[in-house]
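Scroll down for the structure; my scribbles are underneath it.
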Amino acid sequence: MRSYLFAPGDSPDKMAKAIGCGTDVAVLDLEDSVAPDNKAAARKAAASVLKDVPRGGAQVYVRVNSFDTGLMEADLAAIADGRPDGIMLPKSQSVADVIRLNGLLHELQVAAPEPGGLVKIIAIATETAASLFQLGSYAGGGERLDALCWGAEDLSADLGAQSNVDEHGRYTGPYELARTLCLVGARAAGLEPIDGIYGNFRDQDGLWDSCRQALRDGFSGKLAIHPAQVPIINRAFTPSAGDVERARRIVEAFAAAGNPGVIGLDGEMLDKPHLERARKLLALADRYARAPLQ
């Protein structure tokens with residue numbers, strides 16, 4: 001998945017718009033975007049949207065409230081009959097929180113849309129200082145756990161920071177560290193790494209640059225806070241025609257040579273990691289071939 005668009009759980013119109021706007025994943029948010037006094041209303045609204053709004057091509061996840069709020073069980077119970085595709089777990093401290101959430105999903109019989117399917121889990125894994133020391137733990141998260149993503153806002157509050165960016169708007173060291181550990185931890189566990197938000201939804205050039213940097217580093221998708229960000233994210237994380245052609249030539253060249261350890265192509269020496277990257281890129285291109293770039 002490339003794009004993950006948040007929509008406030010107490011706004012039925014925004015949730016419906018998110019599901020239909022072209023994002024790969026619409027995240028109905030019961031956490032940060034909902035005021036404490038409106039949590040119950042948001043649960044009811046999100047449950048209604050899950051049941052009544054046509055899904056289209058988007059998967060629909062629900063970001064529940066974190067374990068430390070005491071609200072998660074009520075969140076899950078409210079949306080269980082709506083058959084969400086997945087749950088986004090905020091403030092995950094370690095794989096133990098994923099295992100605990102897995103138990104609640106089983107206990108509350110929260111079912112996936114497809115018969116026999118599993119409700120997936122995305123863990124936001126960098127929102128507290130303590131969580132950074134546990135980003136190598138997620139390999140034991142079980143088959144529900146699909147991805148890790150990172151965030152800077154809650155982490156900066158936990159660190160007591162005055163800001164999480166420098167005078168040029170770039171993340172400072174602690175947040176670059178969190179981003180890197182999320183990427184490495186996800187890949188080490190065989191999970192998809194999702195890059196954090198780009199806060200200025202009017203800055204399309206800045207978002208494009210942020211997406212391309214994330215793709216360069218190894219992230220497979222990005223969180224979004226506004227529908228206008230979705231087409232840019234989708235386009236950035238969809239392999240270009242040139243990239244696909246290059247990857248196809250690499251795979252074909254290895255095959256023609258009998259799949260040796262090293263080949264030469266266009267004056268460049270290529271080895272097995274190049275072949276593996278080419279195969280992954282072709283798989284991504286095939287996955288997104290039918291996804292419109294809106």
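What follows draws every value from the coordinates through simple rules; no lab data is involved. Just so it is clear, the model here is predicted, and its values are computed rather than measured. Every residue, glycine as well, gets a Cβ built from its backbone with ideal geometry; the counts of neighbours run over all protein chains shown.
So here's what we get for this one:
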item: Listed pairs Lys14/Lys280; Lys44/Lys91; Lys17/Lys51 exceeding 26 Å between Cα atoms; result: Lys14/Lys280
item: Share of Cα-Cα pairs in the chain lying beyond 27 Å, as whole percent; result: 43 percent
item: Shape of region 210-294, Cα gyration tensor, a/c cut at 1.5; result: prolate
item: Axial C-alpha extent at least 30 Å, average Kyte-Doolittle at least 1.6 - helices from the chain (DSSP); result: none
item: Burial ranking of peptide ranges 183-192, 243-252, 261-270 (average Cβ count within 10 Å, highest at the top); result: 183-192, 243-252, 261-270
item: Between region 194-245 and region 1-32, the Cα center-to-center distance that results, in Å; result: 17 Å
item: Spin-label model distance (nm) - Ala96 vs Glu268, 7 Å beyond Cα toward Cβ; result: 4.6 nm
item: Alpha-carbon centroids, region 104-125 and region 36-60: separation in whole Å; result: 16 Å
item: Rough spin-label spacing in nm, given labels placed 7 Å along Cα→Cβ, for Ala157 and Phe133; result: 2.2 nm
item: Magnitude of the charge dipole, region 241-288, Cβ model with Lys/Arg +1 and Asp/Glu -1, debye to 20; result: 180 debye
item: Among 210-220, 131-141, the order from most to least packed when residues are scored by Cβ within 10 Å on average; result: 131-141, 210-220
item: Rounded to 5, the percent of DSSP beta bridges in the chain classed as antiparallel; result: 15 percent
item: Length added when fully stretched, Arg248-Glu167, from 0.36 nm per residue minus Cα-Cα; result: 24.9 nm
item: Inter-label distance for Asp209 and Asp37, nm, one decimal - labels placed 7 Å from Cα along Cα-to-Cβ; result: 4.2 nm
item: 222 nm mean residue ellipticity, helices alone, for the chain (DSSP H n ≥ 4; -39,500 (n - 2.57); rounded to 500); result: -13000 deg cm²/dmol
item: Dipole magnitude (debye, nearest 20) for region 3-236, charges at Cβ of Lys, Arg, Asp, Glu; result: 520 debye
